[in-house]
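Any read-out appearing in this document is the output of simple, stated calculations on the displayed coordinates, not a laboratory observation. What you see is a predicted model, and the numbers here were worked out from it, not measured in a lab. Virtual Cβ from ideal backbone geometry, glycine too; neighbours counted across all protein chains shown.
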Amino acid sequence: MKPSDYQEDNKAARPRFTPGKISTLRPDEVFVFGSNLKGMHGGGAALAAWRHFGAKLGQGVGLQGQSYAIPTMQGGPETIRPYVDEFIDFARQHRELVFYVTRIGCGIAGFRDEEIAPLFAQAVELDNVILPRSFFEVITRPSRTDPCTLTHAHGITKTLADVLAALNEEKHFTGLEEAFAALEKYFDRFRTSGDDVAFLAIRILYNELAAAESGGLFRGGVLDAEALRRRIFDADIFTDACDKAHLSYCKERVCNLIAYLNAFRRYTSAEQIRADMDKLEVTRFNHCGPNIEPYFFSLLSCNNQISFFYFCLRECWGELTSGEMLDNEKLMEVMFNRHERGIRKYGLENVLQHDYEYHPCHGIYFPKKMGTGPAYVRLADRRYTRACEDGRGPSSYDSEFFCATQLLEEDERYQQTGYYTWVPKTDYSLPVFSRGMLSFDSDEEKRQFIENELKKAED
C-alpha cells in the first residue's frame, strides 16, 4: 500500500481506504460486512467476519464482536439504505471505534459500487469510518447522482398524510368527507393567499447558495448535492405542524431537482444553479397573493395524486379510526410504518410477493389493499423504484426528468436521438437519458448504448 493511502490519528497510522483483505484487527477496530437478514454467514466477507471477528450465526444486523453486519440480500439498494443509515448513526455515537467498511453488496449480493457507494455519502465526513477506495471514488465523483433522487421521503402522499394528521390534532375528524374537505381548504390557501411556505423553501435554498463557496458545498470545484441537501433540511423555522409538513415537501422537491440536474450540469457555482432555477421557472409563483396553477411546488395541480390519496383513505378508513374518530397513530401505521417495517424485516421482494399484485399491462406492483404502501416499478433484477403516487410510472418522470429535458434541448454536449432520449456526444461519463436517467451494468454497456443511439441519429 502506498504512503498516500494512509491517514494519521493520535494513536497510530491507519489506512485511508479499507484494505482488500483484512485478517487481523486492533482492539478498537470493527469489520463492517454485508450479511443476510437470517445471519447465515456462509461466504465472502460474512464468512470472514464469522471466522475471525466475532460475527454470530443467526444475527444479520448490527454489532457482534469486532464486526458489524449490514443486510444486503433482501432486495434493491433502497432496502439496504435504512441499515446503512443505522450504521452511520452508530459510528457517530461511537467515535472511540474505527470501522472498516468492506464492499458490502458488491460480492455475492451482485450490486455495483455505483449502486451501493452513494448510500455511504454521509460517512465520508466521519474520521472513524474507513471506506473502500472504489466507494470513495464513486461518492466524490463530480458526475454522481444524489441517491435520494427517487426516494421522495416527503412525497405527495406522505405530505398529504402529515398535513391531515396535523389538522386532525385540532379538529378530531369523524368522517372521511370532513377530513378531506379540511385538507383541500388548507392547500387552497396557497392558491388564493400566496404560497408563503414554498417561498421560505426558496429563501433557505438561496441563503445556502449565498454561503456555498465558503461553506464547503463545492467539492473539487463541483457541487456536493448531498451536502446542500443536509444544509437545507437542517434549516427548520416552522412551529406549525401543517406548514412544517408542506415545507419538508418543498425542500424535497428542490433538493431532488438540483441533485438530478447536477448529474449532467456539474454545477461549479451558485450562480449557475440560480440561473437554472429561474430558467425552469421554479421560483415563478406568488408568496403573498393569488397563484395561477400549476407552479413547481403546487400540490393542487397534482389532481391524480390527490384523488389517489382520497381513494386510499376511503379504502382504509375503518382501520384508521378509534371510537369513530381519525387516529393519527393508526393513519401512519397503516399507510406507512407497517410497510416500511415489513421491508426491514423480510426484504422488499418478499413484501411484494406477499402483499402486492403485479399488473403486467402497466408493469407496476400495486398493494393488494390500496393505501397500505406505495406502488413500485421494476427497473432490473432485484432493483425497484417507487412509482408516482397514482402508480403510473417512476416517480422522477413527471418532475425532475421533465425539467431536465428543457436544459438538455439546449446542451451542446448532448444529442437528442429520440423523443425522450438524449445521449452525450463525446463525454461518455455524462449520464444518459431516456424517459429518465438510465443506469448500466458496465461502462461497456453504456458505451454501446450511446454509440448505437448516435448511429441511429446519423441514419
| task | Would you pull out the residues with amide H under 5 Å of Phe218's amide H, same chain only if 5 or more places away, H placed 1.01 Å from N? | result | Asp224
| remark: Charge tally for neighbours of His154 with beta carbon under 11 Å away, counting Lys, Arg as +1 and Asp, Glu as -1, is +2
| query | Pairing the Cα long axis of helix 77-93 with the longest principal axis of the chain, what angle in degrees results, from 0 to 90 and rounded to the nearest 10? | reply | 70
| field | Cross-link reach list, lysines versus Lys158, counting only Cα pairs under 28 Å and skipping chain neighbours closer than eight places | value | Lys171, Lys185, Lys244, Lys251, Lys330, Lys345, Lys368, Lys369
| field | Filtered trypsin sites (Lys or Arg not before Pro), the stretch 249-321: DSSP coil and at most 14 other beta carbons within 10 Å | value | Arg284
| message | If you average the C-alpha positions of the stretch 271-285 and of the stretch 19-86 separately, how far apart do those two centres end up, in angstrom? | response | 44
| request: Note the angle between two axes, namely the Cα long axis of helix 241-265 and the longest principal axis of the Cα atoms of the chain, as a number of degrees from 0 to 90, rounded to the nearest 10. | output: 60
| remark: Whole-Hz Karplus couplings 3J(HN,Hα) for the stretch 198-204, θ = phi - 60° and coefficients 6.51, -1.76, 1.60, Gly and Pro as x, run 4, 4, 5, 4, 5, 5, 4
| task | Any lysines with Cα under 26 Å of the Lys446 Cα? List them, leaving off those in the same chain fewer than 8 positions away. | result | Lys425, Lys455, Lys456
| task | Just need the Rg to Rh number for the stretch 411-458, please, alpha carbons only, Kirkwood Rh. | result | 0.91
| said: Report D for the chain in µm² per second (integer): Stokes-Einstein, Kirkwood Rh on Cα pairs, 25 °C, 0.890 mPa s. | reply: 102
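Give me Glu458, Glu319 ranked fewest to most by other Cβ atoms within 10 Å of their Cβ, as a rough exposure proxy.
Glu458, Glu319
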| Can you pull the Kirkwood radius for the stretch 143-342, inverse mean 1/r over Cα pairs, to one decimal in Å? | 18.1
| task | For the chain, find the longest principal axis of its Cα atoms and tell me its angle to the long axis of helix 156-171, 0 to 90°, nearest 10. | result | 60
